[in-house]
Amino acid sequence: MRKRGVNFGLIFLSANALITANLCAEVSFTFTRVADTNDGYMSFGPMPVRDNFWTTFSATLPNGDEVVVVKSTASAKTFVVAPAGSGFELDPRIDAQNGIAYWVRRSPSAHQIQRSNGTSSLFTLVDTTTSGFSEIIGPPVQFFGDDEVTFAAELDSGGSGVFRRTFNGGIITIIDSSGSFASFGPSVRPAHYPAVGALFSGELDAGGKAVATATSVGALLIVADTDGRIADFVGELDIKDGIVAYIANLDDGGHAVYADSDPIIDSSGPFESFEAACYRQNWFLHLAFLATTDEGGRGLFYYNHLAKHLYPIIQVGDALDGSIVTDLASSSDRDSLGTVFRATLADGRSGIYLADFVCGQGQCFGDFVGCIGSNSVDVDELIQVIQAWGRCPSDPHACPADLSPEGGDGVVNVDDLLELIAHWGPCPE
């Protein structure tokens, strides 16, 4: 695979600065500054969350207050979660869905799961002083409704488990340590497929560790364990449409990013280790991950699982926002065609940035479904030709099914169908 450096062209700078990076012929990204330390923040938490139109992040203010900020292009709401001197500390791992943020704050006497709302109010969903829990282990993750979260916790009575707080305040036990698991966490995700439940990591009674899904009706599925090639699990888990993504340390000293039981990419190639991964399935299967390369570089990368192509997004040493990147941290990401990251810059600033695909050509002529194709001309493209039949919109980029003649003629008709059939099948090597 050919690697290419990042060439930045500054388009404009404002409160949300948009910067364009051309990475390779097949795909490019735009970068948008969400916030930086010039905006009155001292520092940012390690895991911002991107959720459609909103970006949520944790930060520390100059007065010592720890806050959660929910920001869109139109507004920003700041929630003071752990005021300076209050005795509370904010867990930097947060979650967000539909503009609502979720977090854990801890003091010596209490752990609380809280959420924001559309104003400046905070709601406490779980409090260890009243709920029978002694410790909230992992970050809460939004379930279905605004008041529903999935989380791991230890019990006052002993033992631990994975639980769901329902919309009416009830607590459902999804799985606890009375079974084959001795402990749980710290990473927990809701799992809606194939049944409602949770995805979690934990230690087994028999020894070793596992990643598994469970439901409140008792169904347990071990996704992966440390019996075979895997030595340990690292970082946060992710799940989308039943596909589980995680990072593993291997018995041979290597590292790999997995989707279910299959290693998607490992340290036998250009990477030495992986720090964070986020798996998404929408237009195509793709994986965003933070990694260290064999040459000692560090960067954020995208891997197109269908096309088996790897694309650098941004790396330490690249230009960004008028400066140079000196450090990166990745995200908990709910968006389908982009990601969010934290960057430290050589001019002393630290900031939260969005990276978005600029959709372009697929892997070969006619491979146009998905942002950068699927490495095949097939029924997906055929459906798009049929749906686009007739005159194209005025924007030619909105009419990828206009294949013939070269450059298009403003209409999708039998000529385009014949051109598609002529290129049918897997893209050539």
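The values are calculated or read from the model by the stated rules, or taken from the named source; none is laboratory data. Note that the coordinates shown come from a computational prediction; the quantities given were computed from them, not determined experimentally. Cβ atoms come from the backbone with ideal geometry, glycine included; neighbour counts cover every protein chain shown.
Couple of notes before you dig in:
- Arg93 vs. criteria assigned to a loop (DSSP other than H, G, I, E, B), on the phi < 0 side of the Ramachandran plot and basic (Lys, Arg): yes
- Counting only strands (runs of 3 or more DSSP E) that sit completely within segment 205-310, those holding 2 or more residues that are modelled with pLDDT of 90 or more, within 21 Å of Ala191 (Cβ to Cβ) and within 18 Å of the chain's Cα centre (by Cα) correspond to 243-250.
- Selected residue (criterion: nearest to the chain's Cα centre (by Cα)) from residues of segment 158-204 that are aromatic (Phe, Trp, Tyr) and assigned to a strand (DSSP E or B): Phe200
- Filtered residues of segment 180-197 (kept if over 18 Å from Cys278 (Cβ atoms) and either surrounded by 15 or more Cβ atoms within 10 Å (Cβ to Cβ) or at pLDDT 90 or above (or both)): Ser180, Phe181, Ala182, Ser183, Phe184, Gly185, Val196, Gly197
- Condition check for Gly87: small (Gly, Ala, Ser), buried (at least 20 other Cβ atoms within 10 Å of the Cβ) and either in contact (Cβ under 8 Å) with a residue 12 or more places away in the chain or not assigned by TED's automatic domain parsing to the domain that holds Leu122 (or both): no
- When Pro139 is tested against (1) closer than 30 Å to Asp252 by Cβ; (2) in contact with a strand residue (DSSP E or B) (Cβ under 7 Å, 6 or more places away or on another chain), exactly one condition is not met: (1).
- Among the residues of segment 109-124, the ones that are farther than 14 Å from Ile137 by Cα and not in a strand (DSSP E or B) come to 6 in all.
- Restricting attention to segment 381-391 and to residues that are over 21 Å from Pro426 (Cβ atoms) and out of contact with any strand residue (DSSP E or B) (no Cβ under 6 Å at 6 or more places or on another chain), the residue that is modelled with the lowest pLDDT turns out to be Gln387.
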